[in-house]
Amino acid sequence: MNIFYQIIFLIFELCFNLFLIEKENNYEKNLKLYYLSDYMAEERNEFARIIHDDIIQDIYATRNYLSLKNPDINYSKEILSNLEEKSRNIMKFYQNYLFENLDLKENIVSIFENLKILYPDKSFKIEIIISDEIKNIKNKDLKKIVNTVTKELINNIYKHSNGNYLIYKISIEDDINIYTESNGNDKKDLDKIKNSKRVVLLIELLLENKGDIKYKLDKDILTTEVRIGINNENNFYR
């Protein structure tokens, strides 16, 4: 009977542990969903700010110039022409799809072009090294992951770095490897990035069970290494 009671107790303990593990997993999932929704809300706020600062202000200026006793039509046309180009680049940056007529290499280059316009006050000497094999990636899901990770990494550098150069490398060996390097950073920047509930969480969610991300700060130089697995049997890209 004593052995029987011990077996019953062990079964009960096992069931209780499984119950706790399930609850813990559900908690982690709910926490990630919460931060992901927070990320989306922040994206909308950022988009609203850009619309206000970069579009509405130009519309107000144009209206004021056209309301003058002697309207400055030529300057108003110039503002509207710049506004059209600016609006197109904002649209490209915030779109949720890739340019279907472009390969992944061209899409990556377009990210840098759009960010230059979105951050006119930042001036980086940019070096982009893209392996030719990247153009051969046809899987749409994988292309979106690479594109999104690249967009978030580079956008983060434009936001936080006060340096003057930016290096971006992407290559394929057994996995897809992305490397970024920028100067003008300090420990506060690194802590801000690591503690971010937006960009870092999004990248970690995208890479969950499929890769990893590592940050390193050496003096004022911040490097980031991202690995995206393409041969893992659990990877949905296959």
Selection status of residue 8, assigned to a helix (DSSP H, G or I) and at pLDDT 65 or above: yes
Filtered residue count, the stretch 154-170, keeping only those that are under 8 Å from the mean Cα position of the chain (by Cα) and open to solvent by less than 10 Å² (accessible area, probe 1.4 Å): 1
Test result for residue 233, in contact with a Lys or Arg (Cβ under 7 Å, 6 or more places away or on another chain) and either at pLDDT 65 or above or open to solvent by 90 Å² or more (accessible area, probe 1.4 Å) (or both): no
Pairs with Cβ under 6 Å, 6+ apart, first in the stretch 127-142 and over 18 Å from residue 211 (Cβ atoms) and part of a helix (DSSP H, G or I), second open to solvent by less than 90 Å² (accessible area, probe 1.4 Å) and of a type in the set (Asp, Glu): 135/103
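The values are calculated or read from the model by the stated rules, or taken from the named source; none is laboratory data. Worth saying up front: this structure is predicted, and the values here are computed from it rather than measured. Glycine also receives a Cβ, built like all others from the backbone with ideal geometry; neighbour counts cover every protein chain displayed. Side chains included, ligands, DNA and RNA excluded: accessible areas come from the protein's heavy atoms. Shrake-Rupley method; radii C 1.70, N 1.55, O 1.52, S 1.80 Å.
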